[in-house]
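S.K.: Attaching a single structure in structure tokens format; questions to follow.
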Amino acid sequence: MMITEMVEGFAYKEALSIYEKLICGATCFYLVGLAFLEVSGKHLQYSKFSNSGASKSRIPSKIGMLFIYTPALFAGVASFWVFPGGGIRFLMLKSAVTIHFLKRDLEVLFLHKFSGFFGVESAVIIAATYFTAAAGFVYFHHQTEGLPEPSVDLKYFGVLLSLIGLSGNFYHHYLLSKLRKNNNKGYDIPRGGLFNLVICPHYLFEITTFVGFSFISQTIFTYVCAVGVAFYLSARSYATRKWYISKFENFPTNVKALIPYVF
Ligand SMILES: NC(=O)c1ccc[n+]([C@@H]2O[C@H](COP(=O)([O-])OP(=O)(O)OC[C@H]3O[C@@H](n4cnc5c(N)ncnc54)[C@H](OP(=O)(O)O)[C@@H]3O)[C@@H](O)[C@H]2O)c1
């Protein structure tokens, strides 16, 4: 009983309809399912794994990346008009979601140096996922209006985590972009920052950002998405480390996948 009360203190007491419960359950099932597919070798086809499936329909990575992030960015921007007001917490959430997807579009346009292609089916799946997440964050938070605040207020800690996540993610994207000079399209072992300890530090910071979103909002849907993203990116980082080990004989085995010294 004590534990239930403690856990309840971290979230709004939402009266979810059967459909809203289904959306939360399906989102969790779907993201964990994608994680299992990554571990079993059935990858979403972008970046290093863009050639891993049977799909022949592919678009340049830059176009694919813009295609997956832009609808979610629109959802973030539109939230300011569709749901004006709503207090400081809602304003923080709408801003955090919009800034996150704007940052990703800007990185795609001006920072990343891509070498390949994006599978069209994967692009459609990921664009729909991001849009659902962004729109869902806003929708579910809007539903909490009028409810008592959770007894443990995590919103400022959430903003801090989001900022740490955004900047750490950006920094490691910057290090990756420095690996490719003079239009070189090959792959090298990344170094610097947390790359000396894990091969996917940018994923670790992405998870931090999503945990930050969930702490800002404190709704079931945002918690479900944070856990789902953590599962998916853990699996993708595991597959990525395997990929590096298969391509580079000198890959340092002390460099883990996602969590320094642990995994
Ligand atoms: N929220 C989620 O569920 C989720 C899921 C996946 C990704 N993401 C976000 O998307 C970001 C990028 O993900 P990603 O999977 O595309 O990352 P990634 O595979 O590491 O690629 C990022 C960029 O770095 C380049 N790159 C990667 N490894 C390289 C190497 N060894 N040498 C030279 N260049 C290299 C890639 O080029 P190529 O394209 O040519 O490989 C690409 O331009 C993540 O940090 C995260 O923010 C979020």
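The values are calculated or read from the model by the stated rules, or taken from the named source; none is laboratory data. Remember, predicted model here, so these are calculated numbers, not experimental data. Cβ sites come from the backbone with ideal geometry, for glycine too, and all protein chains shown count toward neighbours.
S.K.: If you go through the stretch 182-199, how many residues are among the acidic types (Asp, Glu) and more than 15 Å from residue 240 (Cα to Cα)?
M.R.: Total satisfying the criteria: 0.
S.K.: Based on this model, can you work out whether residue 56 counts as touching a helix residue (DSSP H, G or I) at 6+ places or on another chain (Cβ under 7 Å) and either away from the ligand (no atom under 16 Å from the Cβ) or in contact (Cβ under 8 Å) with a residue 24 or more places away in the chain (or both)?
M.R.: Criteria not met by residue 56.
S.K.: Still on this model: Being under 28 Å from residue 39 (Cα atoms), out of contact with any Cys (no Cβ under 8 Å at 6 or more places or on another chain) and within 9 Å of the ligand (Cβ to nearest atom) narrows it down to one residue among 179, 197; which is it?
M.R.: Only one candidate passes the filter, namely 179.
S.K.: Let me ask another. Checking residue 7 against (1) loosely packed, with under 12 Cβ neighbours inside 10 Å; (2) modelled with pLDDT of 95 or more, only one condition comes out false. Which one?
M.R.: Failed condition: (2).
S.K.: Next question, about the same structure. Under 8 Å between Cβ atoms, which residue pairs at least 6 apart in sequence (or on different chains) link something in the stretch 119-138 that is charged (D, E, K, R) with a partner that is within 11 Å of the ligand (Cβ to nearest atom) and in a helix (DSSP H, G or I)?
M.R.: Going by the 8 Å Cβ cut-off, there are no qualifying pairs.
S.K.: Please indicate, with yes or no, whether at least one residue in the stretch 175-186 is hydroxyl-bearing (Ser, Thr, Tyr), surrounded by fewer than 16 Cβ atoms within 10 Å (Cβ to Cβ) and part of a helix (DSSP H, G or I).
M.R.: The answer is yes, given that some residue of the stretch 175-186 is hydroxyl-bearing (Ser, Thr, Tyr), surrounded by fewer than 16 Cβ atoms within 10 Å (Cβ to Cβ) and part of a helix (DSSP H, G or I).
S.K.: Residue 106: within 16 Å of the ligand (Cβ to nearest atom) and in contact (Cβ under 8 Å) with a residue 24 or more places away in the chain, yes or no?
M.R.: Against the criterion (within 16 Å of the ligand (Cβ to nearest atom) and in contact (Cβ under 8 Å) with a residue 24 or more places away in the chain), residue 106 does not qualify.
S.K.: Any idea which of (1) closer than 17 Å to residue 187 by Cβ; (2) more than 9 Å from the ligand (Cβ to nearest atom); (3) touching a residue at least 60 places away in the same chain (Cβ under 8 Å) is the one residue 240 doesn't satisfy?
M.R.: Only one criterion in (1) closer than 17 Å to residue 187 by Cβ; (2) more than 9 Å from the ligand (Cβ to nearest atom); (3) touching a residue at least 60 places away in the same chain (Cβ under 8 Å) is unmet by residue 240, namely (2).
S.K.: I'd like the full set of residues that are within 14 Å of the ligand (Cβ to nearest atom) and either buried (at least 16 other Cβ atoms within 10 Å of the Cβ) or without any contact (Cβ under 8 Å) to a residue 24 or more places away in the chain (or both), limited to the stretch 148-166.
M.R.: Selection gives 162, 165, 166.
S.K.: Here's something else I'd like to know. Within the stretch 227-247, can you find the residues that are more than 19 Å from residue 41 (Cβ to Cβ) and out of contact with any helix residue (DSSP H, G or I) (no Cβ under 6 Å at 6 or more places or on another chain)?
M.R.: 227
S.K.: Surrounded by 15 or more Cβ atoms within 10 Å (Cβ to Cβ) and in contact with a strand residue (DSSP E or B) (Cβ under 8 Å, 6 or more places away or on another chain): does that describe residue 69?
M.R.: No; evaluated as a whole, the condition is false for this residue.
S.K.: Kindly list the number of the only condition in (1) farther than 29 Å from residue 146 by Cα; (2) loosely packed, with under 13 Cβ neighbours inside 10 Å that fails for residue 62.
M.R.: In the conditions (1) farther than 29 Å from residue 146 by Cα; (2) loosely packed, with under 13 Cβ neighbours inside 10 Å, residue 62 misses (2) alone.
S.K.: Of all residues being more than 12 Å from the ligand (Cβ to nearest atom) and part of a loop (DSSP other than H, G, I, E, B) in the stretch 112-147, which is surrounded by the most Cβ atoms within 10 Å (Cβ to Cβ)? Just the residue, please.
M.R.: 144
S.K.: Cβ-Cβ below 6 Å, separation at least six or inter-chain, first residue in the stretch 16-35 and closer than 11 Å to residue 224 by Cβ, second in a helix (DSSP H, G or I) and small (Gly, Ala, Ser): which pairs?
M.R.: Listed pairs, sorted by first residue: 28/228; 31/228.
S.K.: Okay, next question. Residue check: is residue 186 out of contact with any Cys (no Cβ under 9 Å at 6 or more places or on another chain) and on the phi > 0 side of the Ramachandran plot?
M.R.: no
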